[in-house]
Amino acid sequence: MRAYADNDYPADHKPDWKLIAGLWPYLAEYRGRVALALCLLVLAKLATVATPVALKYIVDYLDQTQAADMLLWIPVLLVLAYGGLRFGSTLFSELRDAVFARVAERAMRRVSLRVFEHLHQRELGFHLDRKTGGLARDIERGTNGISFLLRFTLFNIVPTLLEILMVAGILLVVFNASYVFAILFAVVVYVVYSIKITEWRTRFVREANARDNESNSRAIDSLLNYETVKYFNNERYEAQLYDQDLDNWEQARLKNRLSLAALNTGQALIISVALIVIMTMAVREVASGEITLGDFTMVNAYLLQLFIPLNALGFVYREIRQALVNVERLFKLLGDKPAIQDAPGAKDLVVDNSDVRFEQIHFAYRPDRPILQDVNLSIPAGHTVAVVGASGAGKSTLARLLFRFYDVDKGRITIDGQDIRQVTQDSLRSVIGVVPQDTVLFNDTLYRNLAYGRPDASEEEVHRAARMAHLDNFIHSLPEGYNTKVGERGLKLSGGEKQRVAIARVILKNPPLLILDEATSSLDSLSEQAILSALKEVSQQRTTLVIAHRLSTVRDANTILVMDSGQIVESGSHNELLAQGGYYANLWEQQHRSDDNAQSSQ
Ligand SMILES: Nc1ncnc2c1ncn2[C@@H]1O[C@H](COP(=O)(O)OP(=O)(O)OP(=O)(O)O)[C@@H](O)[C@H]1O
Ligand SMILES: [Mg+2]
């Protein structure tokens, strides 16, 4: 079972180090700042490496000068220098961070925007397959990963190497090669150990992330389905499922922690052994008078100082690996081409009178389940064509294809003779107004939701559209009127109110082509009649595709098509279809009988 579609990295997946080079464009924007930060970095390291030298001279002066000859100002000056260097090393590091902060933050901003735009370019199918909770976390981790990589490769790995080289140089000059070898040996053992153990641990980290994603997706999905959960009294069931996920997460995190403890302990052991060995070497040389007490202090200071960044190196290496995996996933997301793209050199759709044709359309969402088969339909300019038929027959699919949420498998759809795959999506979608079957609203005010149809519309125009959609009475009855918040996905409005918002939006958009997918299905008959007449006004002169279950709403259409299992089985005007005595006539008969019953029982 594939529990989480996005976790398809094998456990031994190696991070791609070349990705680091891919970050250069984000740095290039602020070349000057990067250079300045690097200068500050070198200054900071120089100060760090010079500090133990100052210490050595203080100790040597105090140790080797006879009390009678002691000039107090010399050690005091040295102490001042010692303190100054220590402070300098911190000061330059902080300045470096301050200078670089803008680069990292700007990079995160750029990436976030790119991802956002990319996600909006992806096709509908992609979004239906995705789990929003998991996706959001992948994005968050990826952008954080980029910032981490930028900051830590430049400002941790590079300076640590620099420091090791400088210290090795000084030790070679002041002492002898055996110290340099001992320290380098310890460093190599430490680094190799850290890398190996970190690689072993990566699977636990990844596992913990995957379980984290899973439980999060589950929680979000469950909360989105709040009402459904209540309808079926399934709170306990939901909690159980969630707790199972949390249990997995807990186990994964536990392994993660334990393996981290193993790593840290091993690192500490290596450092301590190195300290003991090298200090013993130094002790012997002090005893035999080969080096001074000041030298001894200096070696000690270097050892302690050198392993501080190295200590972080294990952490940084691990985090860099993780960041690389996260960034790779993000880049992969960015690299995936949208399934629906503008054809190369696509031109804008030119709409004359908007005559729509579906020619021998075959379509399937998945190859193993054909939906539309050989569908032909044409909506002459200014005409209204209605599509009726059983639930699941493929009516809304027609609308999605015309809007180019999906591409047809065979055949073609044209508007004024232009294949919709050959024109830009932007121009295509700008001429089509859709009142969808399920309207979802933004969690914002009613006004903002209405104005979404044309964000630059004037207040007057928005109010007019609301009036035409028969929303004005409703809005006036609200204490906060147009400023009422509609709740997440618009859940604080009734189904019919949401539908009217959708209609008002389309009125505001004022496109030459209309798709009304069950646009009035949630309204009572009275409001429906009122809105239908408004819609009729809007759809006059416009090419309109109406999808409906209630036949009374489509009897005036120029042509009515009856769909069954992805095929058009009847077509004609209302009267022609009644005369044929087929599926439509039957359905009409049934709906009328139930209408009559409803009326007589009132
Ligand atoms: N994204 C999808 N992936 C796979 N199958 C889908 C997808 N969307 C719809 N379908 C399937 O395609 C078929 C046609 O769906 P469509 O929404 O066009 O039906 P419809 O005629 O509008 O039905 P209704 O009257 O209930 O709205 C349905 O059986 C549905 O399960
Ligand atoms: Mg539908």
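Every number here is computed from the coordinates shown, using simple stated rules; none is lab data. None of the values given here were measured: they were computed from a predicted structure. Ideal geometry is used to build each Cβ from the backbone, glycine not excepted, and the neighbour counts take in all protein chains shown.
Once you charge only the Cβ atoms, +1 for Lys and Arg and -1 for Asp and Glu, what is the size of the charge dipole of the chain about its Cα centre, to the nearest 20 debye?
1220 debye
With a cut-off of 20 Å, note down the residues of the range 440-478 whose backbone N falls inside the zone around a label point 7 Å from the Cα of Asp556 toward its beta carbon.
Only 465-471 fall inside the zone, counting backbone N under 20 Å.
With an 8 Å Cα cut-off and a minimum separation of 6 or more residues, compute the relative contact order for the chain in percent. Spell out each step's value before the answer.
Values: 763 pairs, mean separation 84.6, N = 602.
Relative contact order comes out at 14 percent.
Long-range amide H contacts for Leu513: which residues qualify at under 5 Å (H placed 1.01 Å from N, peptide plane, sequence gap of 5 or more or a different chain)?
It is Gly433, by chain and number.
Rounded to the nearest 5, what % of DSSP beta bridges with both residues in the chain are antiparallel?
Details: 20 of 39 bridges.
Bridges in the chain are about 50 percent antiparallel.
Out of residues 5 or more away from Glu570 or on other chains, whose amide H comes under 5 Å of its own, with H placed 1.01 Å from N in the peptide plane?
It is Val562, by chain and number.
Projecting each Cα onto the charge dipole of the chain (Lys/Arg +1, Asp/Glu -1 at the beta carbon, about the Cα centre), which of Tyr317, Thr280, Phe185 comes out farthest on the positive side?
Checked the options; the winner is Thr280.
Collect residues whose amide H, placed 1.01 Å from N in the peptide plane, falls under 5 Å from the amide H of Glu518; neighbours closer than 5 in sequence don't count.
Here Ile547, Ala548 satisfy the definition.
Find how much the distance from Ser533 to Thr228 grows on full extension, using 0.36 nm per residue of separation minus their present alpha carbon separation; answer in nm with one decimal. Can you show the working numbers first?
Details: separation 305, 0.36 × 305 = 109.80 nm, distance 3.49 nm.
Extra length from Ser533 to Thr228 when fully extended: 106.3 nm.
To the nearest 20 debye, what charge dipole does the range 438-510 have about its Cα centre, counting +1 at the Cβ of each Lys and Arg and -1 at the Cβ of each Asp and Glu? Don't skip to the end; give the middle numbers.
Values: 11 positive and 10 negative charges, 38 e Å.
I would put it at about 180 debye.
With label points built 7 Å along Cα→Cβ from the Cα atoms of Asn144 and Phe87, find their separation and express it in nm.
3.6 nm
What number, rounded to the nearest 500 deg cm²/dmol, is the helix-based mean residue ellipticity at 222 nm of the chain, given -39500 (n - 2.57) per DSSP H run of at least four residues and division by all its residues? If you can, show how the numbers build up before the last one.
Values: 19 runs with 373 residues, N = 602.
After summing the helix terms and dividing by the residues of the chain, the value is -21500 deg cm²/dmol.
How high is the FRET efficiency between Val283 and Val189 when r is their beta carbon distance and R₀ equals 25 Å, given to the nearest 0.05? Numbers along the way, then the final one.
Details: r = 22 Å, r/R0 = 0.88.
The pair Val283/Val189 has a calculated efficiency of 0.70.
Straight-line reach from Lys56: which lysines have Cα under 21 Å away, leaving out those fewer than 8 places along the same chain?
Output for Lys56: Lys45.
Multiply the residue separation of Asp564 and Val79 by 0.36 nm, subtract the distance between their alpha-carbon atoms, and state the gained length in nm to one decimal.
On the way: separation 485, 0.36 × 485 = 174.60 nm, distance 9.21 nm.
Length gained, Asp564 through Val79: 165.4 nm.
Using the Cα centre of the range 438-510 as origin and beta-carbon charges of +1 (Lys, Arg) and -1 (Asp, Glu), tell me which of Leu450, Pro479, Val506 is placed farthest towards the positive end of the dipole.
Val506
Convex hull volume of the Cα atoms in the chain, per residue, in Å³?
Details: hull volume 137.3 nm³, N = 602.
Enclosed volume per residue, from the Cα hull, is 228 Å³.
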